[in-house]
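The values are calculated or read from the model by the stated rules, or taken from the named source; none is laboratory data. No experiment lies behind these values; they were computed from the predicted model shown. Glycine gets a Cβ as well: all are built from the backbone with ideal geometry, and neighbour counts include every protein chain shown.
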Amino acid sequence: MSRPDRDLAALAALFNGDREDRFDVVEVFTGEVVARVPRAGPAHVTAAFGRARAAQREWASRPVKERLAVFERFHAALLDHHEEIADVIQVETGKARRMAFEEMCDLPILTSHYLRRAARLLAPRRRPGAIPGVTSAVELRKPLGVVGVISPWNFPFAIAFCDAVPALMAGNAVVVKPDPHTPLSAALGLRLLREAGLPHDLVQLVCDDGPVTGPAVVDAADFVMFTGSLATGRTVAARAAERMVPSCLELGGKNPMIVLPDADLDAVVASAVLGVFGNAGQLCLHMERLLVHAEVHDDFRARFLDRVRRLRLGADYGLETEMGALADAAHLARVSAHVDEAVAAGATLLTGGRARPDLGPTFYEPTVLADVTPAMRVHHEETFGPVACLYRVSGVEEAVRLANDTEYGLNASVWTADPAAAMRIAERLETGHVNINDSAALGYATKSAPSGGAKASGLGVRNGDEGLLKFTYPTTVATLKKQVLGAPPDAPYADFVSRTVTSLRWMRRLRLR
Ligand code: NAD
C-alpha cells in the first residue's frame with residue numbers, strides 16, 4: 001500500500017523558523033524525504049513565545065465556557081479526521097496502522113474528560129475560613145502564562161497535545177517543541193485546533209535538534225512539560241529550576257508484568273503480545289520484564305512464543321499489520337546492541353533477535369530472551385524496542401522484589417484471578433500505574449486518575465485533576481468579616497492568651513465532630 005496523499009508541506013509551513021534553513025522529515029518505511037521543516041533557533045523561539053504571550057492575555061480573559069466551546073469542536077474534528085491523523089502519524093513514525101489509530105484515540109478520550117471536569121476545577125472554590133463565622137476564604141485558579149511542551153517521537157500526536165489541551169482550557173498559551181523526527185503530527189494537531197476556533201497565535205510550533213531548540217523553550221516558558229528520556233529530563237528539570245519555573249517530567253520505565261498461577265493464560269498471552277510489542281515496544285508504558293510464576297512458566301512460554309512468532313510485521317498503511325518499524329537507524333542499533341550483548345553474555349534467544357531490512361530500513365523482529373542476568377543492560381536499562389525478558393519466579397515475594405529492583409517506577413501489570421491478592425501486590429509495587437489483568441494501558445487510559453512515574457520515571461503527573469490544576473497557580477482570597485483578631489490594645493495580653501487557647505480547644509472539638 002503506497003504512502004497516503006496528504007499535504008505535508010502545508011503542515012511544515014505551520015512551524016516558526018528559518019524558511020531558508022530546513023531539516024528533512026522522512027517516511028520511516030522507505031527513508032524518503034516527505035517534508036522540509038524550518039529550523040528554529042533561540043531567536044525564533046523567543047519570537048514564538050512573544051506571539052503566544054500576547055495572545056494568552058485575551059484568551060485568559062474569556063469565560064471558561066467560551067474557551068471550552070473550542071474544545072467541543074476540536075473533539076468532533078479529531079473523530080472526523082481520524083484517517084488523516086493516522087496517515088500522518090504513520091508516515092513519520094513507521095508504526096502499524098492499528099497503533100496510529102489507538103494513538104489518535106487518546107486525545108478525544110482526554111478532551112472529553114476535561115470538557116466534563118474543567119469548568120468545576122477552574123471555578124472559584126469556597127474554603128472554610130480560619131475562624132468559623134468570622135473569616136471566609138475563596139481559592140482562585142489562574143493560568144501560569146505560556147507553557148512549553150517538549151514531546152518525543154513515539155506518540156507524536158497524542159503527547160504534543162495531551163498536556164496542551166488542559167493547559168489551554170486553563171487559560172494558558174502553549175509553545176510545542178516536537179521531536180525533529182516527527183514534527184508533522186504536532187502540526188496537524190495545531191491545524192485542527194485552529195480550524196476549531198482557537199485564536200491563531202495561542203499555540204506556536206518550534207523545532208530543530210533537541211539541544212538547539214529545547215533549552216530555548218525551557219528558558220522562556222512559565223511551566224515546562226517534558227516527556228522523554230531520563231537523561232534529557234534531568235537537564236530540563238535542572239534548567240527550569242534555575243529560573244524557579246515548575247516542570248513536569250514524564251520519563252521512561254522498565255516495566256514488569258507479574259503472572260500468577262491462577263491467571264487466565266489465554267488472556268495473559270493475548271494482552272502480553274500487545275503490552276510488549278505494541279508500537280514495536282516504543283511505548284513508555286510497555287512491558288519489558290515478564291515475571292512468570294514457576295507453576296505456569298513453561299506453559300506461558302510455549303503459548304507466548306507461538307503467538308509472537310506469528311505476529312504480522314509490515315511496512316504498510318493497512319489495518320491487518322500488527323507491528324511496524326523502529327523510529328530510525330540509531331534506535332535500531334541501540335535495540336540490537338541490547339539483545340546482542342545479552343546473548344553474548346549468556347542469555348538465551350527464544351525468538352527474534354534480528355533486524356529485518358527486507359521489510360524496511362528500520363525493522364526489528366519481535367524478540368524474547370531468557371536467562372537474563374543483572375549484569376546485562378537489557379535487564380536494567382530501558383530497551384524501548386520489541387524485546388521482552390522472560391523470568392521464572394518462585395512466588396509473589398520474588399516477583400515483587402524483582403519488579404521493584406529498578407531505578408524506574410512507571411508501570412506494572414499483575415495477572416491473577418484473586419482481586420484481593422492483586423490489590424495487596426499493587427500496594428507493594430513502587431510504580432505510578434498498576435494494571436490488574438491488563439498489560440499496559442488501562443491506568444493511563446483512566447483519565448480521571450493521575451498518571452505519572454514514581455522513582456526515576458518522572459516528577460508530577462498528567463491526567464486527573466492535577467493534570468489540569470498544575471497549569472494554574474492558586475490565589476487564596478481571605479476576608480475578615482469582623483474585627484476580633486489580636487489582643488485589644490487596653491486589655492492585658494495574658495487575657496488574650498487564655499481566650500485564644502480556649503477558642504483553639506473549641507475549634508478542635510468542633511472539627512473532631
Ligand atoms: P529524548 O529525551 O531524547 O527527547 C525527548 C524530547 O526532548 C525531544 O523533543 C527532543 O528533541 C528533546 N530534547 C533533546 N535534548 C534536549 C535538551 N537538551 N533540552 C531540551 N529538550 C531536548 O527522548 P526520546 O528518545 O525522544 O523519547 C523516548 C523516551 O521518552 C523513552 O525513555 C520513553 O520511555 C519516554 N517517554 C515517556 C512517556 C511518559 O509518559 N512517561 C511517554 C513517551 C515517552
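Before moving on, here are some points about what is shown:
- Those strands (runs of 3 or more DSSP E) lying entirely in region 325-409 with at least 2 residues without any contact (Cβ under 8 Å) to a residue 40 or more places away in the chain: 348-351, 367-370
Residues are listed down the side, and each one gets a yes or a no for (1) farther than 24 Å from Cys207 by Cβ; (2) surrounded by fewer than 15 Cβ atoms within 10 Å (Cβ to Cβ); (3) of a type in the set (Phe, Trp, Tyr):
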{"position": "Gly31", "(1), (2), (3)": "no, yes, no"}
{"position": "Val34", "(1), (2), (3)": "no, no, no"}
{"position": "Pro42", "(1), (2), (3)": "no, no, no"}
{"position": "Ala55", "(1), (2), (3)": "no, no, no"}
{"position": "Arg62", "(1), (2), (3)": "yes, yes, no"}
{"position": "Ala76", "(1), (2), (3)": "yes, yes, no"}
{"position": "Asp80", "(1), (2), (3)": "yes, yes, no"}
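- Selection within region 481-499 - under 24 Å from Ala137 (Cα atoms) and modelled with pLDDT of 80 or more: Lys481, Arg499
- When region 266-296 is filtered for residues that are part of a helix (DSSP H, G or I), in contact with a Leu (Cβ under 8 Å, 6 or more places away or on another chain) and more than 16 Å from the ligand (Cβ to nearest atom), the ones remaining, listed by number, are Ala272, Val273, Val296.
- Selection status of Phe277, under 30 Å from Asp418 (Cα atoms), surrounded by 24 or more Cβ atoms within 10 Å (Cβ to Cβ) and in contact with a helix residue (DSSP H, G or I) (Cβ under 9 Å, 6 or more places away or on another chain): yes
- Those residues of region 166-191 which are away from the ligand (no atom under 16 Å from the Cβ), assigned to a helix (DSSP H, G or I) and under 21 Å from the mean Cα position of the chain (by Cα), in sequence order: Leu168, Met169, Leu188
- For region 432-468, the tally of residues that are part of a strand (DSSP E or B), within 11 Å of the ligand (Cβ to nearest atom) and crowded, with 20+ Cβ neighbours inside 10 Å stands at 5.
- Picking from residues in region 229-257 that are more than 7 Å from the ligand (Cβ to nearest atom) and closer than 30 Å to Gly395 by Cβ, the one that is surrounded by the most Cβ atoms within 10 Å (Cβ to Cβ) is Asn255.
- Within region 373-383, the presence of at least one residue that is within 20 Å of Glu322 (Cβ to Cβ) and modelled with pLDDT of 95 or more is confirmed.
- Any hit, region 109-118, residues being of a type outside the set (Gly, Ala, Ser) and within 16 Å of the ligand (Cβ to nearest atom): yes
- Taken over region 385-417, the criterion of being surrounded by fewer than 20 Cβ atoms within 10 Å (Cβ to Cβ) and under 25 Å from the mean Cα position of the chain (by Cα) is satisfied by Leu402, Asn404, Asp405, Glu407.
- For the condition in contact (Cβ under 8 Å) with a residue 12 or more places away in the chain and either within 16 Å of the ligand (Cβ to nearest atom) or part of a loop (DSSP other than H, G, I, E, B) (or both), Ile85 does not qualify.
- All of (1) within 29 Å of Ala47 (Cβ to Cβ); (2) more than 15 Å from the ligand (Cβ to nearest atom); (3) surrounded by fewer than 24 Cβ atoms within 10 Å (Cβ to Cβ) hold for Ala158 with one exception: (2).
- Condition met for Gly464 (under 30 Å from Leu285 (Cα atoms) and touching a Cys at 6+ places or on another chain (Cβ under 9 Å)): no
- When region 196-228 is filtered for residues that are among the charged types (D, E, K, R) and within 7 Å of the ligand (Cβ to nearest atom), only Asp209 remains.
- Asp163 passes every criterion in (1) buried (at least 24 other Cβ atoms within 10 Å of the Cβ); (2) within 11 Å of the ligand (Cβ to nearest atom); (3) of a type outside the set (A, V, I, L, M); (4) more than 29 Å from Val477 (Cβ to Cβ) apart from (4).
- Selection count where residues are in contact (Cβ under 8 Å) with a residue 24 or more places away in the chain and within 16 Å of Arg191 (Cβ to Cβ), scope region 11-25: 6
- Listed by first and then second residue, the pairs linking a residue in region 457-468 that is not assigned by TED's automatic domain parsing to the domain that holds Ala164 and hydroxyl-bearing (Ser, Thr, Tyr) to a residue that is modelled with pLDDT of 95 or more and assigned to a helix (DSSP H, G or I), with Cβ atoms under 9 Å apart and 6 or more places separating them unless they lie on different chains, are Ser457/Leu230.
Residue-wise test of (1) touching a His at 6+ places or on another chain (Cβ under 7 Å); (2) part of a strand (DSSP E or B); (3) among the aliphatic types (A, V, I, L, M); (4) not assigned by TED's automatic domain parsing to the domain that holds Asp358.
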{"site": "Arg19", "(1), (2), (3), (4)": "no, yes, no, yes"}
{"site": "Arg53", "(1), (2), (3), (4)": "no, no, no, yes"}
{"site": "Ala77", "(1), (2), (3), (4)": "no, no, yes, yes"}
{"site": "His113", "(1), (2), (3), (4)": "no, no, no, yes"}
{"site": "Arg116", "(1), (2), (3), (4)": "no, no, no, yes"}
{"site": "Leu121", "(1), (2), (3), (4)": "no, no, yes, yes"}
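- Of all residues in region 469-496, those satisfying the criterion of being in contact (Cβ under 8 Å) with a residue 40 or more places away in the chain and not in a loop (DSSP other than H, G, I, E, B) are Leu469, Thr472, Tyr473, Pro474, Thr475, Thr476, Val477, Ala478, Thr479, Leu480.
- Test result for Gly275, closer than 30 Å to Val146 by Cβ and in contact with a strand residue (DSSP E or B) (Cβ under 6 Å, 6 or more places away or on another chain): no
- Of all residues in region 371-384, those satisfying the criterion of being away from the ligand (no atom under 16 Å from the Cβ), crowded, with 18+ Cβ neighbours inside 10 Å and aliphatic (A, V, I, L, M) are Val372, Met376.
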